[in-house]
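Novice: Just passing along the structure, written as structure tokens.
The values are calculated or read from the model by the stated rules, or taken from the named source; none is laboratory data. This structure is a prediction, so every number in the text was calculated from the model and none was measured. A quick note on method: Cβ atoms are made from the backbone with ideal geometry, for glycine too, and the neighbour counts reach across all protein chains shown. Areas reflect the complete protein model, heavy atoms only, side chains present, ligands, DNA and RNA absent. Shrake-Rupley method; radii C 1.70, N 1.55, O 1.52, S 1.80 Å.
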Amino acid sequence: MAKQKTAFVCNECGADYAKWQGQCSECHAWNTIVEVRLGAASKKSTSFKGYSGGASSTLAKLNEIDLAELPRFSSGMEEFDRVLGGGFVPGSVVLIGGHPGAGKSTVLLQTMCQLAETYEALYVTGEESLQQVAMRAQRLALPMGNLSMLSATAVEEIVLQAEQIKPTIIVVDSIQVMHVADVTSAPGSVSQVRESAASLTRYAKESGGVLILVGHVTKDGSLAGPKVLEHIIDCSIMLEGSHDSRFRTLRGHKNRFGPVNELGVFAMTEQGLKEVSNPSAIFLQRADEVASGSVVLVVWEGTRPLLLEVQALVDSSSLGNPRRVAVGLEQNRLSMLLAVLHRHGGVMIGDQDVFVNAVGGVKIVETSADLAVLLALVSSFRDRPLPRELVVFGEVGLAGEIRPVPSGPERLREAAKHGFRRAIVPVGNAPREQLDGLEVVTVKKLAEALEAIY
Ligand code: TYD
Ligand code: MG
């Protein structure tokens, strides 16, 4: 009898060990290491098939490979396509992550019902019953005639059914409830997630269909069993958005076929997720009278500019250690900006509580927001509102210098398009030609910017 191979795998981070131990040396979690049987799983693997005949693998020069094999197809939603890098690539595996209730199932059901009109499509639901999904589709008035539905959690069953109807696109909702018989641990554990994803991926690559896996994120915002999936999949996308906001953003984190950091914007409505094709207009719905501490900035998202509002509140603190809170921005960046403001702007807010918020539940990951954050802080501290038609962008250096940011002309054009009249930007981003109705003030130092606002 062949010897049964086993491995010890941490359920938290997926690290492998030769022996059992109480604490994982990688992630330092206790009691998370479990024994996993490997023998059966690898015996079934189809990857050894080619060795007997050597016919299934082909050797070719890079420039001889037929590129026509990869015609992308559209998801039917422009915002979704944008994040995918121009649509689905046949044979690729896409992971869509997000918090429970973000709208993953909703957006995929909408997409799949539309795609089923043209392609063979299969929706596997492991979490909701078929009735629940059907009720939702009916309520959203989606075309229901052509989408194949399967309620299953066993990967073997899914592959068996898929082999019969040969779908062009499969959704598996969600990977955390899937299991393969060869692995003994519970669904949702790292080894189950890894083996299930690997088996489904193998099927997708062989059949040339698109596989979409749904994954839940854990409390700290990472995908459950994340590291084990990252290298299997071709494209990882997160659906983000806070519960109190209608807006959802779809952001690429890894993409083998296109750029990452593209942003797709959706709004959650009674009719499901709707695309927002002009996000700037939505994020900029401001009251007629602008309060102090509010500034509009232009961030660069993938291939387009986006106008956002950032708000700051500076208030005298009753604590010995005043609070510094950043929502939608990086905390460390805020601390750095406060230090620069003190040292190079001469503004003393060491004894004040400071809160900064990016409006609309968006996450700003760009340094071009620096100058706008600083001006918002000063505006709130002095309790003097800034003009409504002012827009600001620029990176702030530790010496108090204002540094240029990429794509300056496009940012300015977007601001002009939305009716802004005045812009404060780094000298390096000075426009070559005059922009219609937009007065551009260029600044070199923080002190100049502080002078320019009042
Ligand atoms: P869902 O797609 O089930 O989330 P996930 O699969 O990511 O866990 O979305 C559920 C949420 O979306 C729920 O909180 C209600 C909201 N929602 C709407 O506001 N309108 C709708 O038409 C639908 C279908 C859901
Ligand atoms: Mg769901």
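Novice: Given the C-alpha centroids of segment 187-220 and segment 405-454, what is the distance between them in whole angstrom?
Specialist: 47
Novice: Here is a follow-up. Is it possible to state the helix-based mean residue ellipticity at 222 nm for the chain, with each DSSP H run of 4+ residues giving -39500 (n - 2.57), the sum divided by total residues, to the nearest 500 deg cm²/dmol? What is it?
Specialist: Rounded to the nearest 500, it is -8000 deg cm²/dmol.
Novice: Which one of Tyr454, Val193, Thr442 has its Cα pushed farthest toward the positive end of the charge dipole of the chain, where Lys and Arg give +1 and Asp and Glu give -1 at the Cβ?
Specialist: Val193
Novice: Largest first and in whole Å, what are the equivalent-ellipsoid semi-axes of segment 97-200 based on the Cα gyration tensor, each being the root of 5 times an eigenvalue?
Specialist: Working through the eigenvalues yields semi-axes of 24, 16, 11 Å.
Novice: Now for a separate question. How far, in degrees from 0 to 90, does helix 370-382 lean away from the longest principal axis of the Cα atoms of the chain, to the nearest 10?
Specialist: It is inclined by approximately 50 degrees.
Novice: Show Cys27, Cys10 ordered by accessible area, largest first, where the area counts protein heavy atoms only and the probe is 1.4 Å.
Specialist: The ordering from most to least exposed comes out as Cys27, Cys10.
Novice: If you don't mind, there's one more thing I want to ask. Which order do Thr303, Thr168 take when ranked by solvent-accessible area (1.4 Å probe, heavy atoms of all protein chains), largest first?
Specialist: So, going from the largest accessible area down, we get Thr303, Thr168.
Novice: Dividing the convex hull volume of the Cα atoms of the chain by its residue count, what figure in Å³ per residue is obtained?
Specialist: About 202 Å³ per residue, rounded to a whole number.
Novice: What relative contact order, as a whole-number percentage, does segment 73-277 give when Cα pairs under 8 Å and 6 or more residues apart are counted?
Specialist: Taking the mean separation of contacting Cα pairs over the length of segment 73-277, I get 30 percent.
Novice: So what's the convex hull volume per residue for the Cα atoms of segment 73-277, in Å³?
Specialist: Value for segment 73-277: 110 Å³ per residue.
Novice: May I pose another question? With all protein chains present and a 1.4 Å probe, how do Arg432, Arg413 order by accessible area, largest first?
Specialist: Most to least solvent-accessible, the answer reads Arg432, Arg413.
Novice: Taking the Cα centre of the chain as origin and charging only Cβ (+1 Lys, Arg; -1 Asp, Glu), how large is the dipole, in debye to the nearest 20? Don't skip to the answer; put the middle values down first.
Specialist: Working: 44 positive and 50 negative charges, 137 e Å.
Result for the chain is approximately 660 debye, rounded to the nearest 20.
Novice: Mind checking the angle between helix 408-417 and the chain's longest principal axis? C-alpha axes, 0 to 90 degrees, to the nearest 10.
Specialist: Long axis of 408-417 versus the principal axis of the chain: about 80 degrees.
Novice: Let's test this: bin the Cα-Cα distances of segment 292-348 at 10 Å from zero up to the farthest pair and state each bin's percent.
Specialist: Per 10 Å bin, starting at zero, the Cα-Cα P(r) for segment 292-348 comes out as 18, 45, 29, 8, 1 percent.
Novice: Additional query: Please report the accessible area of Lys19 (heavy atoms, 1.4 Å probe, ligands and nucleic acids excluded) in Å², nearest 10.
Specialist: For Lys19, solvent-accessible area is about 150 Å².
Novice: Please work through the chain and write down the cysteines that have no neighbouring cysteine Cβ at a distance under 4.7 Å.
Specialist: Lone cysteines by the Cβ rule: Cys113, Cys235.
Novice: Find the centroid of the Cα atoms in segment 252-325 and in segment 72-115, then give the distance between the two in whole Å.
Specialist: Here the answer is 22 Å between Cα centres.
Novice: What is the percent carbon and sulfur in the accessible area of segment 73-277, measuring with a 1.4 Å probe over the protein chains and ignoring ligands?
Specialist: Carbon and sulfur: 52 percent of the exposed surface of segment 73-277.
Novice: In terms of the Cα gyration tensor, with a ≥ b ≥ c the square roots of its eigenvalues, is segment 282-452 rounded because a/c is under 1.5, prolate because a/b exceeds b/c, or oblate?
Specialist: prolate
Novice: OK, next. Percent antiparallel among DSSP beta bridges with both residues in segment 282-452, to the nearest 5?
Specialist: Values: 19 of 33 bridges.
Bridges in segment 282-452 are about 60 percent antiparallel.
Novice: Counting alpha carbon pairs within less than 8 Å and at least 6 residues apart, what relative contact order, in whole percent, applies to the chain?
Specialist: 12
Novice: Still on this structure: Checking the table Lys5/Lys166; Lys205/Lys363; Lys61/Lys254; Lys363/Lys445; Lys61/Lys104; Lys5/Lys61 against a 30 Å threshold on Cα-Cα, which pairs fail?
Specialist: Listed pairs above 30 Å: Lys5/Lys166; Lys205/Lys363; Lys61/Lys104; Lys5/Lys61.
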